[in-house]
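The values are calculated or read from the model by the stated rules, or taken from the named source; none is laboratory data. Just so we're clear, the structure is a prediction, and the values are computed from it rather than from any experiment. Cβ coordinates were reconstructed from backbone atoms using ideal geometry, including for glycine residues, and neighbour counts include every protein chain displayed. Surface accessibility is based on the protein's heavy atoms, side chains included, excluding ligands, DNA and RNA. Shrake-Rupley method; radii C 1.70, N 1.55, O 1.52, S 1.80 Å.
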Amino acid sequence: VQLVQSGAEVKEPGASVRVSCKASGYNFTDYFLHWLRQAPGQGLEWIGRIHPRAGVTRYLEKFQGRVTVTRDSSINTTYMELSGLRSEDTGVYYCARGGGQIISYFDIWGQGTLVAVSS
Amino acid sequence: DVVLTQSPLSLPVTLGQPASISCRSSQTLLHTYGTTFLNWFQQRPGHPPRRLIYNLSNRDSGVPERFSGSGSGTDFTLKISRVEAEDIGVYYCMQGSHWPPTFGPGTKLEIK
């Protein structure tokens, strides 16, 4: 069971970034997939989630309107797109698996994707 | 949102000695389902977090028995019975009982 994320990105302020997360080793459509981030030297912040079967999403209020999480079940991949980037968005972005039939949080993590926002 | 407070924020320990990290919540974490969705994560330098304990006191697969979780309501504890060198890193508590999921600020465990 693993989650493999796309590579590091460098973006200018105001741009958008899309990070991918490919799942393997389990039934992709049975578990929530969450996105989190970690600013340099800081703690962890939850961004949002998707249930791949129905495509239903939910986001942290502070990211509403700026983040979109989607999935392509044909290739077991979810995507997190963040628009209107600012320097405060610099950090490592993680995908992590959530629960399936039962409530569960973050038992499997991707390796992380560094997003650097700089002019 | 539920605020999680951890103490201490820095924990120097001697190898072979026990260690304890406290996590306090601004609201009870006992869910209406009867489960306390309080989890503990370890993050080693340069690595993603790894879940150690889920739902208050259940060790994840492969987690050494020296790690244990306990507590109730708003007060929780992660204990390491005998610290080993590989335990160096930052430990986070995280709650999933209330929306949205939130994390504590982290406790940095270091060897004296």
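One residue stands out among those in the stretch B:18-50 that are facing another protein chain (nearest Cβ under 10 Å) and not in a strand (DSSP E or B): the one that is farthest from B:Tyr92 (Cα to Cα), which is B:Tyr33.
Scanning the stretch A:17-51 for residues that are within 25 Å of B:Thr102 (Cα to Cα), away from chain B (no Cβ under 14 Å) and open to solvent by less than 50 Å² (accessible area, probe 1.4 Å) yields A:Val17, A:Ser20, A:Ala23, A:Phe28, A:Thr29, A:Ile50, A:His51.
Among the residues of the stretch A:72-100, those identified as surrounded by fewer than 15 Cβ atoms within 10 Å (Cβ to Cβ) and either free of Cβ contacts under 8 Å to residues at least 12 places away in the same chain or in a strand (DSSP E or B) (or both) are A:Asp72, A:Ser74, A:Glu81.
Among the residues in the stretch B:51-61, are any modelled with pLDDT under 95 and within 14 Å of chain A (Cβ to nearest Cβ)?
No: the stretch B:51-61 contains no residue that is modelled with pLDDT under 95 and within 14 Å of chain A (Cβ to nearest Cβ).
When each of B:Tyr91, B:Tyr54 is tested for being surrounded by 19 or more Cβ atoms within 10 Å (Cβ to Cβ), in contact with a strand residue (DSSP E or B) (Cβ under 6 Å, 6 or more places away or on another chain) and either free of Cβ contacts under 8 Å to residues at least 40 places away in the same chain or more than 25 Å from A:Tyr94 (Cα to Cα) (or both), the lone residue that passes is B:Tyr54.
All of A:Arg97, A:Arg58, A:Arg71 fail the test of being within 14 Å of chain B (Cβ to nearest Cβ) and under 15 Å from A:Leu3 (Cβ atoms), apart from A:Arg97.
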